[in-house]
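Undergrad: First the structure, which I've put down as structure tokens, then a few questions once you've had a look.
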Amino acid sequence: MKIISLKNEISSDTAISILKQKDSTVNVNLIEPIYYPYYRLIASVKTKIFARSFDGTLSCLIDLVNGVEAITGEECQTEQIFVDGSSILPISIENEKARKKALGCIRHTIIQKMKVLSIPKIIPVDEDFFYRPFWIIHCLSNKDNHFYVMMDGISGQYQLLDL
């Protein structure tokens, strides 16, 4: 299956190396990629803050699995890749719902963070859809304990999965 993904910066070998730096006794049994779906909306924002005007853009990401929104400033490169369909997480949020959530998040952020007294003018200027790469790493400790780690394929940040 062909998808648009953020460019994977962390290879499987690098992911293993990052874990080994933290604990050299960890053995990796299996490492598999997964791709997490996101919707991004970039909007032009115009508003007044007391006597001065604000004219800029904001970008909001919507996690299309859980519907969580986040304001982001990161610009990442994307690429078209071919992946096994089983490595893609299923989308549970429709595009129109994601778009409304993103606009609401941008509006809330402007009102709360900038302390504006009037409703800002928010105009969508660009929207896209992509997947973010992660690694699911099945590990075995020196005490024969199995555990899983999920590592971000771009930043290398990771967390223990509670299964």
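The values are calculated or read from the model by the stated rules, or taken from the named source; none is laboratory data. Being a predicted model, the structure only gives us computed values, none of them experimental. So basically every Cβ, Gly included, is an ideal-geometry build from the backbone, and we count neighbours across all protein chains shown. Each accessible area value is taken on the protein alone, full model and side chains, heavy atoms only, with ligands, DNA and RNA left out. Shrake-Rupley method; radii C 1.70, N 1.55, O 1.52, S 1.80 Å.
Undergrad: With a cap of 14 neighbouring Cβ atoms within 10 Å, and only residues DSSP puts in a loop, list the trypsin sites (Lys or Arg not before Pro) found in the range 1-63.
TA: Within the range 1-63, the qualifying trypsin sites (Lys or Arg not before Pro) (loop, at most 14 other Cβ atoms within 10 Å) are LYS7.
Undergrad: Rounded to the nearest 0.05, what FRET efficiency is calculated for SER24 and ASP162 with R0 set to 25 Å and r the Cβ-Cβ distance? Numbers along the way, then the final one.
TA: Details: r = 24 Å, r/R0 = 0.96.
It comes out at approximately 0.55.
Undergrad: Which of the trypsin sites (Lys or Arg not before Pro) found in the range 106-156 are in a DSSP loop and have at most 15 neighbouring Cβ atoms, other than their own, within 10 Å?
TA: LYS115, LYS143
Undergrad: In the chain, with Lys and Arg counted as +1 and Asp and Glu as -1 at Cβ, which of these residues, ILE154, LEU140, ALA43, has the Cα nearest the positive end of the dipole, that is, farthest along it?
TA: Farthest towards the positive pole: ALA43.
Undergrad: Run through the range 68-163 and list the GluC sites (Glu not before Pro) located in a DSSP loop whose Cβ has at most 10 other Cβ atoms within 10 Å. If you can, show how the numbers build up before the last one.
TA: On the way: sites: GLU69, GLU74, GLU75, GLU79, GLU94, GLU96, GLU127; in loops: GLU74, GLU75, GLU94.
The qualifying sites are GLU74, GLU75.
Undergrad: Check cross-link reach from LYS121 to the lysines: straight Cα distance under 30 Å, and skip same-chain residues fewer than eight apart.
TA: LYS46, LYS48, LYS97, LYS100, LYS101, LYS113
Undergrad: When the chain is fully extended, how far beyond the present Cα-Cα distance does SER12 get from GLU32, taking 0.36 nm per residue of separation?
TA: On the way: separation 20, 0.36 × 20 = 7.20 nm, distance 0.82 nm.
Full extension from SER12 to GLU32 adds 6.4 nm.
Undergrad: Taking all protein chains as present, what is the carbon and sulfur share of the accessible area of the range 2-161, in % to the nearest whole number, probe 1.4 Å?
TA: Numbers: 4850 of 9470 Å².
Looking at the range 2-161 in its full context, I get 51 percent from C and S.
Undergrad: Could you size up the charge dipole of the chain around its Cα centre, putting +1 on the beta carbon of Lys and Arg and -1 on that of Asp and Glu, and report it in debye to the nearest 20?
TA: Values: 18 positive and 19 negative charges, 202 e Å.
For the chain, the charge dipole is close to 980 debye.
Undergrad: Given a Förster distance of 45 Å, report the FRET efficiency between SER118 and SER155 from their Cβ-Cβ distance, rounded to the nearest 0.05.
TA: On the way: r = 37 Å, r/R0 = 0.82.
So the FRET efficiency works out to roughly 0.75.
Undergrad: For the chain, how big is the tail of P(r) above 23 Å, as a whole percent of Cα pairs? Intermediate results must be reported in sequence, preceding the final value.
TA: On the way: 6588 of 13203 pairs.
Of all Cα-Cα distances in the chain, 50 percent exceed 23 Å.
Undergrad: Restricting to Cα pairs below 8 Å that are 6+ residues apart, what does the relative contact order work out to for the chain? Please round to a whole percent.
TA: Numbers: 338 pairs, mean separation 58.1, N = 163.
Dividing the mean separation by the residue count of the chain yields 36 percent.
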